[in-house]
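Scroll down for the structure; my scribbles are underneath it.
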Amino acid sequence: MRPYLSGYFGLVIALLSPSLKAQCQITGAERLYQLESQIETYTLANGLTVHLLPQADMHTLTIASQFNVGARNEAKGQTGYAHLFEHMLFKGSEQAPGDSYAQQLSALGARFNASTHFDYTNYYVTLPSQALGLGLFLEADRFIRPDLNQTTVKNQQETVLQEMAQTIDNQPYVRSAMEFLLEQVKNTPYGHGIIGSREDITEASPERLIAFHRDHYRPDAMQLSLVGKLPSDVKSLIEQNFNAWPTPSQPIAEFDELKITPKPVHAELIDERGPWPGLLLAWHTVGKNHPDAAAIRLLEGDLFQNTRSAIAQISQHDPAQMLSYSLPFELENHGITNLVLVPRAKTSLDDLTEKVLSVVAKVQQTPLSDAELCQLKQSWLNNQLALLDNTQSLATLLSATAKQDQMYPLTAQWQRINSVSAEDIQRVATRYFTTDMVRVDLLPPWYIRVGKTLLEWLPSGVSDSLEDAVL
C-alpha cells in the first residue's frame, strides 16, 4: 500500500504543471490519485506481479491476468499459436477437464473472456466475491496445468479457422489490406497477423503447443490483478494457488524497438466483393514506452479520433467522406497511426488524401492553442476515467501496467500526457506524420469504379442525390 499518496494527491496535481493549470482547468485527475493510493502491488518469489485494489462497496470482483506473450513471440511455423493457445485455455486443465471451467463459472453467473494481441494475451473473470477461492483455483490450474490433448486441439483449430473466415477472409478488403500492411514490417516480430496462417494453425499439435506453453506461460511474465470486494485472506489464496509455480531457467525474451525507415508507399488493392472505394493511410510512429508516445497519442486525437478532431471538423459541412475510422496500433516496440476513409461520390481518393495531408500540415505549421491542448488532455483523461467505472476494465488496466509504471499504475501515464506541450505536438507531427506514409487504395470491381468516376464529374447536387438514392 502507498497511503502517503492519499493525503497529497491534490498537491501533486497542482505541482505537475503550474503554468498549464493557470491556463486551463482539467478536471477528474484526482480520482486517479485517490484510487492509486488504495492499490497494493507486490511480487511473489517466482516473479509473478500482483495488484490488489479493494472496493468494499462492490458485491463482485474481477480477476484479470496478462501475459507478456503474443504474436511477436511466435517463431516461423508457429503463427497464430498465441491466439490458438488462448482458446485452448478455456477447454480443460488438470483439475477442471473439458468444459468444467465454463460450466462452474457460468453456474455462478460469472463473466469471462480473453483476447490476444501482438505483445500480450489477457484474461479476465468477474464473479461473486464469495467465489474468489474457486476463481483463483481455476485460473491457476489452467495457466499452470492446461490439458492439451489431440481432440481439444483439433476442435479449437476448427474454431479458429472459422473465426478467420468470418472476420478476415469473408470481409471485403480485410485480408489483402492486412497482408499488405504486415509486409511493411516484414522480417520483424510484427511481420505476421495475430490470427496466424491457415497452414500453421492446421499443423499445430499438442506437442508444439505444450512447448509454446512451457516457453511463454511463466509466472515472471504475468501480472495478476484483483479488483472489487476482496476478503481478508486474499493474499493467502493467491499464494496457495500460484506460489508453487516455478520460474523457468531461461530468461524472458526481450525485443528491441523496430528500426523502420519510413518511405512513401502507394498501392491499389482490388476486391471483387468491395461495395465502394476506400482509402487507408498509415504512418510509422513509436512504441508505447517511447518518450514521444504521449504527444503522438494526443496528436492522433486532435487529427482523427474524436468529434472535435480536424477530420470531423472539415466533415461537418460539404463532407468529402461518408466514414472515417482510426484505431492506431500502440505496440510495445513500434507504433502505427492509421486512418480509413470512405469517400463521397463526388470526391476522388486523390482529393481525399490531399484533404488529410492539409489538416496534418496545419498542425505542423501552427501550434495548438492553450485551449485546444487543454481539451485534448481532458478528452484523454475522460477516456481513461471511463475505464475506472467497473471492476473488469479497471483490473484489465492494472494487469497491463508497463514495467516503468509499476509504482504508479494509474497516474504515470497521465503525468506524461499532462506534460505534453503544444511544441511537442508540433514536433512529432513534423517528424512522424510526413508524406513518407503508406497509402492503400481499396478498390471495388471495375464497374463500380467507373460509376464512381462518372459521379465525380457531375455537379455536387446531382451526385449527392444519386448517392443518397443508392445508399
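The values are calculated or read from the model by the stated rules, or taken from the named source; none is laboratory data. No experiment lies behind these values; they were computed from the predicted model shown. With ideal geometry, Cβ positions are generated from the backbone for all residues, glycine too; neighbour counts draw on all protein chains shown. The area values use the complete protein model at the heavy-atom level, side chains included, leaving out ligands, DNA and RNA. Shrake-Rupley method; radii C 1.70, N 1.55, O 1.52, S 1.80 Å.
A search for C-beta distances below 7 Å between a residue of the stretch 246-266 that is within 29 Å of PHE433 (Cβ to Cβ) and any residue that is assigned to a strand (DSSP E or B), counting only pairs 6+ apart in sequence or on different chains, returns ILE260/HIS284; PRO262/HIS284; VAL265/VAL438; VAL265/ARG439; HIS266/ARG439. Between LEU388, LEU398, LEU410, LEU381, the distinction of being within 22 Å of LEU53 (Cβ to Cβ), surrounded by fewer than 21 Cβ atoms within 10 Å (Cβ to Cβ) and modelled with pLDDT of 95 or more belongs to LEU381 only.
Whenever a residue of the stretch 74-92 is open to solvent by 10 Å² or more (accessible area, probe 1.4 Å), its partners that are hydroxyl-bearing (Ser, Thr, Tyr), lying with C-beta atoms within less than 7 angstrom and at least six residues away or across chains, give the pairs GLU74/TYR81; THR79/SER197; HIS83/THR116; GLU86/THR116; GLU86/THR121; HIS87/THR159; PHE90/TYR101; LYS91/THR152. Scanning the stretch 264-276 for residues that are open to solvent by 10 Å² or more (accessible area, probe 1.4 Å) and either part of a loop (DSSP other than H, G, I, E, B) or at positive phi (or both) yields PRO264, ASP271, GLU272, ARG273, PRO275, TRP276. Contact map, the stretch 372-397: residues that are of a type outside the set (S, T, N, Q) paired with residues that are open to solvent by 50 Å² or more (accessible area, probe 1.4 Å) and outside any helix (DSSP H, G or I), Cβ distance under 6 Å, separation 6+ or inter-chain. Pairs shown: LEU397/LEU387.
Applying a threshold of 6 Å to beta carbon distances and a minimum spacing of six or more residues, or different chains, the list of pairs starting in the stretch 23-37 at a residue that is under 21 Å from LEU52 (Cβ atoms) and ending at one that is of a type in the set (Phe, Trp, Tyr) reads LEU32/TRP414; TYR33/PHE9. Residues considered: ASP302, ASP215. Of these, the only one that is assigned to a helix (DSSP H, G or I), under 27 Å from the mean Cα position of the chain (by Cα) and outside the structural domain of TYR124 (by the TED database) is ASP302.
Tallying residues that are surrounded by 10 or more Cβ atoms within 10 Å (Cβ to Cβ), under 26 Å from the mean Cα position of the chain (by Cα) and modelled with pLDDT of 90 or more within the stretch 243-263 yields 7.
I'd like the residue in the stretch 140-165 that is outside any helix (DSSP H, G or I) and not hydrophobic (A, V, I, L, M, F, W, C) and, out of all such residues, is farthest from ILE195 (Cα to Cα). Give the steps one after another, and end with the answer.
Narrowing the stretch 140-165 to residues outside any helix (DSSP H, G or I): 145-149.
Those left that are additionally not hydrophobic (A, V, I, L, M, F, W, C): 145-147, 149.
Working: ARG145: 24, PRO146: 21, ASP147: 22, ASN149: 21 Å.
Per the criteria, the residue is ARG145.
Out of ILE168, ILE195, I need the residue that is closer than 25 Å to GLU332 by Cα, in contact with a helix residue (DSSP H, G or I) (Cβ under 9 Å, 6 or more places away or on another chain), open to solvent by less than 40 Å² (accessible area, probe 1.4 Å) and in a helix (DSSP H, G or I). Which one? Show your work before the answer.
Values: ILE195 fails: in a helix (DSSP H, G or I).
So the residue among ILE168, ILE195 that is closer than 25 Å to GLU332 by Cα, in contact with a helix residue (DSSP H, G or I) (Cβ under 9 Å, 6 or more places away or on another chain), open to solvent by less than 40 Å² (accessible area, probe 1.4 Å) and in a helix (DSSP H, G or I) is ILE168.
Taking (1) over 27 Å from the mean Cα position of the chain (by Cα); (2) in a loop (DSSP other than H, G, I, E, B); (3) buried (at least 21 other Cβ atoms within 10 Å of the Cβ) in turn, LEU230 satisfies each apart from (3).
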